[in-house]
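A.B. asks: Just passing along the structure, written as structure tokens.
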Amino acid sequence: MPIDPPTPEQLAAANAVRSLKLVAATLPHLSGLCHSVRVKVTKKYPVAAIGASGLMLVHPRVFSETPLPDLVFVVAHELMHLALDTFGRSGNADPYLVNVAHDYVINDILSVELNREVPLGGLVRHGARQESLEAIVAELARNEAGGNPNGCWSVERKKKKKKRAKKPKSAMQEELERAGLVPPEPEEPDEDDSEPDDYPAGDAISAEDEAELEPELGPKERSANRDRVRREAVRAVSLKELREQMAKATGQGSGGEDSGATRTLMEAVATAYQPPWQLALQHWLDAVSPGPRSYAKPSRRGADRDDGVILAGRKREGWALHVVMDTSGSMVDTLPHILGLLASFCEGAGVNQVHIMQCDVGVTANEWLDPAELSSYKITGFGGSDMSPAMDELADDPEVNAVLVLTDGYISYPAEEPPYSVLWGLVNGDLNFRPNYGTVVHVKT
């Protein structure tokens, strides 16, 4: 029996999800926001739009027919509205003009980071990323008398209709109309008002439209989603700053200032169905992540208690990732870069603490960090290469479910499999490294 081809709506939804995954791989600082948005296919907007609670609208025809690299740019653009807080920065200014100003800034940022032109006729203002939002908004307001600019990939701004005042009817006219002797006077057409209506066209969705387009969410759920998006937005900006500082410190330059950005994007598109090591690491983090306590599921670790207390099970939320780090001399040039990327992946997987144990011939550091601190973390050791002391110590802790080991593979490690899941992050290392337990991911920097 032949299988029906996907509808434009189904294809658009699938392409939107693929684009989000590629944005997370290409711009890791946006990965947390990629996991926070909800995609809905609708013809209400010509291309795409975003709401403050993370509702992303995509047009079925555009997202089913447009090349994937262009859709990656569009999706990243919408996420940047959340990262730059388009919804919260308007203050007393016209929200529509703030949206348009951010369109200019965002497209200029992405054209540099992705090293490509703005697709689908989006707004272009070279150098806008170096201008203040307030200055652009003020300029747009001054020029508004000459015609409103359209927002990025948006419909024209709507106008209010002003009702004409009806002329009073005489008593004779009313009696003749009621008797059917004369037809009623036709209503005069409305006049266009010069003021825009309360719905600012553009790619920023109003709270009222979000509620109308997604009626299944109540005010409490929508408010919780907005709070989550705000937290991820702050993290996205912080991670981007940390990444840029790390790049300057290592002399690598920022991601989009050379021809590598385009190659990175095209490679991500080509390997969308065979994920690179970054996505493999992200999937492992997602798979091993526990969650907060919940009595919906009993705890596996309550059986050894003799105080009669039954521990709750777990739901997914913030959790701690344990990392054993090989600090032998060959790792000195690669660890800063790996830790910066790991910070981004931790945000996407909901990790709120990272437990790092550094090893050479013994444990040289044993610290708990916030993921954002990874990019500026101080490495010690650079001696031998024995991971056994740290891995054995973690084996004695019944709360440890998973451990990431970052190494070049030229190491000693416990012969017996520990009582937790192990992911070996092989950093530019020994291709013959094949331990008899755990999963090996080749990390290329």
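A.B. asks: Here are some conditions: (1) touching a Lys or Arg at 6+ places or on another chain (Cβ under 6 Å); (2) surrounded by fewer than 24 Cβ atoms within 10 Å (Cβ to Cβ). Asp70 meets all but one. Which one does it not meet?
C.D. replies: Unmet for Asp70, out of (1) touching a Lys or Arg at 6+ places or on another chain (Cβ under 6 Å); (2) surrounded by fewer than 24 Cβ atoms within 10 Å (Cβ to Cβ): (1).
A.B. asks: Between Pro60, Pro67, which is of a type outside the set (S, T, N, Q), in the same structural domain as Glu139 (by TED's automatic domain parsing) and under 22 Å from Pro215 (Cβ atoms)?
C.D. replies: From the options Pro60, Pro67, the qualifying one is Pro60.
A.B. asks: Does Leu57 count as assigned to a helix (DSSP H, G or I) and either over 23 Å from Ser206 (Cβ atoms) or not β-branched (Val, Ile, Thr) (or both)?
C.D. replies: On the way: assigned to a helix (DSSP H, G or I): no; either over 23 Å from Ser206 (Cβ atoms) or not β-branched (Val, Ile, Thr) (or both): yes.
Judged against the criteria, Leu57 is not a match.
A.B. asks: Going by what's in this entry, would Asn115 be described as among the polar types (S, T, N, Q), outside any helix (DSSP H, G or I) and without any contact (Cβ under 8 Å) to a residue 24 or more places away in the chain?
C.D. replies: So Asn115 does not fit the description; no.
A.B. asks: In contact with a strand residue (DSSP E or B) (Cβ under 8 Å, 6 or more places away or on another chain) and either of a type in the set (A, V, I, L, M) or without any contact (Cβ under 8 Å) to a residue 12 or more places away in the chain (or both): which single residue out of Val37, Val23 fits that description?
C.D. replies: It is Val37.
A.B. asks: I've got another one for you. Please verify whether Leu68 is within 16 Å of Val23 (Cα to Cα) and touching a helix residue (DSSP H, G or I) at 6+ places or on another chain (Cβ under 7 Å), treating the condition exactly as stated. Don't jump to the end; show me each part of the working.
C.D. replies: Values: within 16 Å of Val23 (Cα to Cα): yes; touching a helix residue (DSSP H, G or I) at 6+ places or on another chain (Cβ under 7 Å): yes.
So Leu68 fits the description; yes.
A.B. asks: Looking only at region 418-432, which residues are surrounded by 13 or more Cβ atoms within 10 Å (Cβ to Cβ), assigned to a loop (DSSP other than H, G, I, E, B) and at pLDDT 85 or above?
C.D. replies: Answer for region 418-432, where residues must be surrounded by 13 or more Cβ atoms within 10 Å (Cβ to Cβ), assigned to a loop (DSSP other than H, G, I, E, B) and at pLDDT 85 or above: Pro418, Tyr420.
A.B. asks: Within the set of pairs 6+ apart or on separate chains, which have a first residue in region 421-445 that is over 16 Å from Ile338 (Cα atoms) and without any contact (Cβ under 8 Å) to a residue 40 or more places away in the chain, a second that is assigned to a loop (DSSP other than H, G, I, E, B) and not basic (Lys, Arg), and C-beta atoms under 6 Å apart?
C.D. replies: Val422/Gly438; Asp430/Gly409; Asp430/Tyr410; Phe433/Gly409; Tyr437/Glu417
A.B. asks: Continuing with the same structure: Residue by residue through region 318-366, note down the ones that are charged (D, E, K, R) and at pLDDT below 80.
C.D. replies: Asp333, Glu347, Asp360
A.B. asks: Among the residues of region 405-417, count how many are out of contact with any Ser or Thr (no Cβ under 8 Å at 6 or more places or on another chain) and assigned to a loop (DSSP other than H, G, I, E, B).
C.D. replies: Residues in region 405-417 being out of contact with any Ser or Thr (no Cβ under 8 Å at 6 or more places or on another chain) and assigned to a loop (DSSP other than H, G, I, E, B): 4 in total.
A.B. asks: Related question: Working carefully through the options Gly91, Gly121, find the one that is without any contact (Cβ under 8 Å) to a residue 24 or more places away in the chain, assigned to a loop (DSSP other than H, G, I, E, B) and surrounded by fewer than 16 Cβ atoms within 10 Å (Cβ to Cβ).
C.D. replies: Gly91
A.B. asks: Given the options Leu20, Leu79, Leu30, name the one that is more than 16 Å from Arg228 (Cα to Cα), of a type outside the set (S, T, N, Q) and assigned to a helix (DSSP H, G or I).
C.D. replies: Values: Leu79 fails: more than 16 Å from Arg228 (Cα to Cα); Leu30 fails: more than 16 Å from Arg228 (Cα to Cα).
Answer to the check: Leu20.
A.B. asks: Whether any residue in region 8-15 is in the same structural domain as Arg222 (by TED's automatic domain parsing), touching a Phe, Trp or Tyr at 6+ places or on another chain (Cβ under 6 Å), surrounded by 23 or more Cβ atoms within 10 Å (Cβ to Cβ) and outside any helix (DSSP H, G or I) is what I want to check.
C.D. replies: No.
A.B. asks: Something else now. Looking at Leu84, Leu57, Leu79, Leu33, which is the one that is surrounded by fewer than 24 Cβ atoms within 10 Å (Cβ to Cβ), aliphatic (A, V, I, L, M) and under 19 Å from the mean Cα position of the chain (by Cα)?
C.D. replies: Leu84
The values are calculated or read from the model by the stated rules, or taken from the named source; none is laboratory data. It should be emphasised that the depicted structure is a prediction, and the values quoted were computed from it without experimental measurement. Here the Cβ is made from the backbone with ideal geometry for all residues, glycine too, and neighbour counts use every protein chain on show.
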